[in-house]
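Peer 1: Provided herewith is a single structure, encoded as structure tokens, for subsequent inquiry.
Read the figures in this text as sums done on the coordinates, not as results from a lab. For clarity, every value in this text was computed on a predicted model and none was experimentally measured. Glycine gets a Cβ as well: all are built from the backbone with ideal geometry, and neighbour counts include every protein chain shown.
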Amino acid sequence: MADRKDRNIQWYPGHMARSTRQIKEQLSRVDLLVEVADARLPISSRNPLLSKLSQNKEHLLLLSHADLADPAVTEDWLSFYIQKEKLRALALCLNSASDLVRLRKELDKYHQPLLEAAQNRGRQARPLRILVGGVPNTGKSTLVNALIGKRSAPVESRPGVTRSIRWLRVGTEFELLDSPGLLETKISSDQAAFALAASGAIKDDILPLEDLAFRLFREIYRHYPAELAERYNLKFDAPADLEDFAGFYNIYLEAARHKGCILSGGRIDTERFARMLLADFRSGKIARISLERPS
């Protein structure tokens, strides 16, 4: 099993280019950018375009899927962004009521100056206008639906569901500019391509499925060997050599065998196990796993 490197992936559907233009046209109306990134991959799941767009705007980074990420690593990321990058950041689970209360309180902090300015001028305060942005499948639509309190944006666990931008009203407090997931024009980093594919931010057919799963298996073993062993009924008598691809691939096949991924004649169904492994990672069945750490 080869460990492919130096990939240069281009994936920029027409709706992304169109939405980027539309966002730029609406930017003058925006008070705050709420950027949604994946807590498991806080580098690869950020699009530099959003930071460029927000240079003259307030910027709040939300690390979603915090319930699936390693909590200790997530705390390191929050410290990195808040202390070193001077960027306000929250880690949260978008399906948690208490986390949404925390988010609303944070948004109120941005709204308060507008309320005070309107009061001083004897005017009626307008809603806080928020651009919700991020790469595909980070939870933007889930966030929008949670804030509105009803199903307004399609929510599916596959990238590219939201196809156009639109303004949505949240009572008298907020107006949300919902946007499709925006990837970089070219994903030139091998690490970014791997992390985005493993999390489901780009479609599974962008990278060879079994290569992706084997690399993910190795990466999980690197930081979470005990959890990997427990999930797939493995025993490591000694630390495995991650650079011994052939030897480690035999461990991968053993995990597939233990999970019953066997074809007629006793052959291992590697495609079935690849899909199983990716699903286990994405749903948190192996452990709370982070694929990226602050340097």
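Peer 1: Could you tell me the relative contact order of the chain? Use alpha-carbon pairs under 8 Å, at least six residues apart, and round to a whole percent.
Peer 2: Computed value for the chain: 24 percent relative contact order.
Peer 1: Also, quick follow-up: What percent do you get for the relative contact order of the stretch 169-295 when only Cα pairs under 8 Å and 6+ apart count?
Peer 2: 25 percent.
Peer 1: A further question follows. With each run of n ≥ 4 DSSP H residues scored as -39500 (n - 2.57), what mean residue ellipticity at 222 nm is computed for the chain after dividing by its residue count and rounding to the nearest 500 deg cm²/dmol?
Peer 2: Taking each H run of at least 4 residues, the total per residue is -13000 deg cm²/dmol.
Peer 1: Starting from the Cα-Cα distance between residue 295 and residue 98, subtract it from 0.36 nm times their residue separation and give me the gain in nm to one decimal.
Peer 2: Taking 0.36 nm per residue and subtracting the Cα distance, the gain is 67.9 nm.
Peer 1: Can you flag which of 109/140; 186/259; 109/186; 84/285; 52/109; 86/285 are past 31 Å Cα-Cα?
Peer 2: In this structure, 186/259; 109/186; 84/285; 86/285 lie more than 31 Å apart at Cα.
Peer 1: Same structure, new question: With a Förster radius of 22 Å, plug the Cβ-Cβ distance of residue 190 and residue 223 into 1/(1 + (r/R0)^6) and report the FRET value to the nearest 0.05.
Peer 2: 0.75
Peer 1: What's log10 of I(q)/I(0) for the stretch 20-76 at q = 0.25, 0.31 Å⁻¹, Debye sum over Cα points only, no solvent?
Peer 2: Here the Debye-derived log intensity ratios amount to -0.98, -1.25.
Peer 1: Okay, moving on. Rg and Dmax in Å for the stretch 208-283, alpha carbons only: what are they?
Peer 2: 11.6, 35
Peer 1: Continuing with this model, one more query. Rank-order 277-283, 46-52 by packing density, defined as the average count of other C-beta atoms within 10 Å over each peptide's residues, highest first.
Peer 2: My ranking of the peptides, most packed first, is 277-283, 46-52.
Peer 1: While we're on this one: Which of the peptides 212-223, 101-112 is most tightly packed, and how do the rest follow, going by the mean number of other Cβ atoms within 10 Å of each residue?
Peer 2: Averaged packing, sorted descending, gives the order 212-223, 101-112.
Peer 1: Next question, about the same structure. Taking +1 at the Cβ of each Lys and Arg and -1 at the Cβ of each Asp and Glu, which of 202, 69, 128 sits farthest along the dipole of the chain towards its positive end, judged by Cα position relative to the Cα centre?
Peer 2: Toward the positive end, the furthest listed residue is 128.
Peer 1: With 5 Å bins from zero, work out the P(r) of the chain over every alpha carbon pair and list the percent per bin.
Peer 2: 1, 5, 11, 15, 17, 15, 12, 9, 6, 4, 3, 1, 1, 0, 0, 0, 0
Peer 1: Still on this model: Using the alpha-carbon atoms, what tilt in degrees (0 to 90, nearest 10) does helix 209-223 show relative to the longest principal axis of the chain?
Peer 2: Roughly 90 degrees between the two axes.
Peer 1: Here is a further query. Anyone know which of 269, 244, 178 comes out most mobile in the 10 Å Cα GNM of the chain?
Peer 2: 244
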